[in-house]
1. State all residues of region A:57-107 that are in contact (Cβ under 8 Å) with a residue 60 or more places away in the chain and in a strand (DSSP E or B); if no residue qualifies, say none.
2. Among B:Asn138, B:Asn168, B:Asn145, which is the only one that is farther than 26 Å from A:Lys126 by Cα, part of a loop (DSSP other than H, G, I, E, B) and either touching a helix residue (DSSP H, G or I) at 6+ places or on another chain (Cβ under 9 Å) or not aliphatic (A, V, I, L, M) (or both)?
3. Examine region A:143-155 for a residue that is touching a residue at least 24 places away in the same chain (Cβ under 8 Å), of a type outside the set (Lys, Arg) and within 10 Å of chain B (Cβ to nearest Cβ), and state whether such a residue exists.
4. Would you tally the residues in region A:108-129 being at the interface with chain B (Cβ under 8 Å from one of its Cβ atoms) and in a helix (DSSP H, G or I)?
5. Identify, please: which residue in region A:14-30 is assigned to a loop (DSSP other than H, G, I, E, B) and not β-branched (Val, Ile, Thr) and is, among those, nearest to A:Ile91 (Cα to Cα)?
6. Considering only region B:1-13, state which residues are surrounded by 21 or more Cβ atoms within 10 Å (Cβ to Cβ) and either modelled with pLDDT under 95 or within 11 Å of chain A (Cβ to nearest Cβ) (or both).
7. Mind checking which residues of region B:61-82 are within 15 Å of the chain's Cα centre (by Cα) and closer than 15 Å to B:Asn129 by Cβ?
8. From A:Lys126, A:Lys216, A:Lys199, A:Lys167, grab the single residue that is in contact (Cβ under 8 Å) with a residue 12 or more places away in the chain and over 16 Å from the mean Cα position of the chain (by Cα).
Amino acid sequence: MKCAVLFSGGKDSTYAAFLTKKYDIEISCLISLISENPDSYMFHTPSISKVNKQAEVMNIPLIIQKTKGVKEEELKDLEFAIKKAKNNYNIEAVVTGAVESAYQASRVQKICDNLDLECFNPLWQKNPEELWNDLLENRFEIIIIAIAAGGMDKELMGKKIDWEMIKKLKEIEKKYRIHLSFEGGEAETFVINCPLFSKKLAVHEKQISGRGDSWKMEIGIK
Amino acid sequence: MILLIKTPNISFHDLEFVKPIEDTLERNHVNFKSIHYTKLNEKLIKTADKIIISGTSLKDNNYLSHIKKFDWIKEFEKPILGICGGMHILGLIFNGKIKNYQEIGLKEVVFENDFLGFIGKHIVYELHNLNVVSKEFNVFASSKNCIQAIKHNKKPFYGVQFHPEVRNKNLIINFTRL
């Protein structure tokens, strides 16, 4: 079965891609939506243009679809991109990294049903602690590229998530009630290395902007 | 032991439709065993104290063409909970008919009578293109146009059209405590 993975470059969609391959399902292409709206309901936005580099080291074609990120209208852009994947790569299924958001998952389910495609959500309802364990045990190297929650310090920006960092996140979770795997948008992540990559991506440039509890980082990748 | 019967035709779907049920059982220290419906045998069915039948994806209707593999349900006397596709199976085994009706996402469901500890309005997660109607089941809950919770008129067989493993995990726990 050929599929397209909805890909943001963060931990969830990259891990969904990893599981897709593990279950012997062929990834024909990745689909990334570049939203002009930083508060998009559907799509993770920071550093998304860097997904090009990730697609390159995975050796998988990438469909990039721009969207203004207006609620519901961005779904038409997503449907357009999935249609393109169906026409160009004959995909029979779409894979997402949806974990808890019924909003995201049900919208993608509807689009897939309209286009007569299977829809896989391999991380659906996954426990956050189990997700981090799986990621680290499978040698995922993940950095934080945006934060937006009380207790998430600016110092976390650009930091790699290792066991020590997870311990720290658990402390923040206890004190500030953040979601441990950032389902509430507490942070955005970027994968710099994982078993799907032919080489590790090197971050050579960091531009941090924001204020208070809300920061984002534009990165340059070699 | 609870026997969790998997219905997805593709094992990749187990992560979405079976694992959340397994996680719920595990978190509540419930002893269970998962097996695909094509691999069931008489011995295993006899050792089960209760049975849960999972659902599967919108496009996966494979279980409907294998309904004979569920004939053992007619003779089974212990509690069964059928979720989505699992509810369709229960209905079909008892002379029900499948209807086309789609619901996707969060919906409000009203439980008219107590159903595994659920009564009144609840928000549930829906993901189905089909629904089942069987005269041998009583309807306990409905959404606007669709039957949502049924119980057999003689046996302890429960069916839900929505996915309690996504929202309302308590329904599964309450079933395990029957």
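1. A:Ala93, A:Val94, A:Val95 - these are the residues of region A:57-107 that are in contact (Cβ under 8 Å) with a residue 60 or more places away in the chain and in a strand (DSSP E or B).
2. Step by step, each of B:Asn138, B:Asn168, B:Asn145 is checked, and only B:Asn145 is farther than 26 Å from A:Lys126 by Cα, part of a loop (DSSP other than H, G, I, E, B) and either touching a helix residue (DSSP H, G or I) at 6+ places or on another chain (Cβ under 9 Å) or not aliphatic (A, V, I, L, M) (or both).
3. No, region A:143-155 contains no residue that is touching a residue at least 24 places away in the same chain (Cβ under 8 Å), of a type outside the set (Lys, Arg) and within 10 Å of chain B (Cβ to nearest Cβ).
4. Counting residues in region A:108-129 that are at the interface with chain B (Cβ under 8 Å from one of its Cβ atoms) and in a helix (DSSP H, G or I) gives 4.
5. A:Asp24
6. B:Pro8, B:Phe12, B:His13
7. Across region B:61-82, the qualifying residues are B:Asn61, B:Tyr63, B:Leu64.
8. The unique qualifying residue is A:Lys199.
The values are calculated or read from the model by the stated rules, or taken from the named source; none is laboratory data. Nothing here was measured: the structure is a model prediction, and the numbers come from that model. Please note: Cβ atoms are built from the backbone with ideal geometry, for glycine as well, and neighbour counts cover all protein chains shown.
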